[in-house]
Structures are given as structure tokens and as C-alpha cells.
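The values are calculated or read from the model by the stated rules, or taken from the named source; none is laboratory data. Since this is a predicted model, take the numbers as computed values, not measurements.
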Amino acid sequence: MPDPVDRTDFPLARRGYDRAAVDAHLRRLRDEVAVLRAEAAGAGSSGAAAAGDEVRSIVAAADTAAGEIRRKAQAAADEVRGAAVRDAEEARVHVGRVREAAGALLAQVEALEGDLERGAGALRRGEPEPAAEPEPAAAPALAGVPKPPATPERGVPAPERGDRNGDGIEGDPAGA
């Protein structure tokens, strides 16, 4: 498409403008339009470069924020995992104590059953009751093992202070 500034086919008039002056003026206009067009084309590319720089800085900021979010999430996950491992270890220790106490109680029950069988046999045979109650056979095995829960109807004292739920084991398995 021809440039409208480059138009040179003006009609001739008798009392019109000086043709050389008009041509010079049109050349200056054409040169100035060319400069403006070049600047506009350069501005478009520099505008695109500026937009590209802006996009790059936004992406870099998003990457930084995402990295910080990942770091915080990992730290929180590590903390939760550590607490779970500690809780599991405490539960394992408690279960071990309960297992030991249950085994000791079972041994004590078996010893008491044996004592009852011997006492019942002695009564059946007409033997007199022993003067003092014999120590259960399981007593040495129970050294250091918590006693069974206290029962008020038997006149057994209430649990000790550290035994929160009366099971003979210090502490509370539920962590409450």
C-alpha cells in the first residue's frame, strides 16, 4: 500500500504553493514518519521484552513461594511423623508393661489356684487349717510388678498416686 505522505501528484495551480517547498516539506514529513514508525516497531519489541521480563519475575516469585510452601509442609510433616513415632514407642513400652503385669497376674492366679486346691484337699482330708497363711508360690515372680487393681469391698487400699486408672501401672495409656 503506498504511503500517503509520499504523494507527489498535486495538481498545479497558478497562484499555489512553491512546488520545491512543498516537496521539501513532504520529504521532511516522510523522514519523520519513518523515524516514528521505526520507534514504534522498536517500542513494540521492547514492550514485549519488558512484558517477558515481568512474566519471568512473576514466575520466579511463584517458584520461590512454592519452594517455601513445600519447605513448611515438609517441616510440618516431619514434626507430625516424629510425634507419631514417639507416641508409637510410648505405646509399645506401655503394652510391654501391661503384658508383663498380665503375665505376673496370671502367675499369681495360678499360684492362688494351687493354694486353694491344697487347702481344699487338706480340708477334705480333715487336716487342720494352717496357723499362718502361706506365701503364694508366685510371690518371688511378682517382685517389682504392680499389684492388681484395688477393690474397696475387699478392704484393699486405693491405687497409688501415679496409678491414674487403678490398673496397677503408673501413667495413663490413653495419654489423657
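Find the residue count for segment 13-35, including only residues that are at pLDDT below 80 and aliphatic (A, V, I, L, M).
1
Sort through Glu90, Glu39 and tell me the only one that's of a type outside the set (Lys, Arg) and modelled with pLDDT of 90 or more.
Every option except Glu90 fails the conditions.
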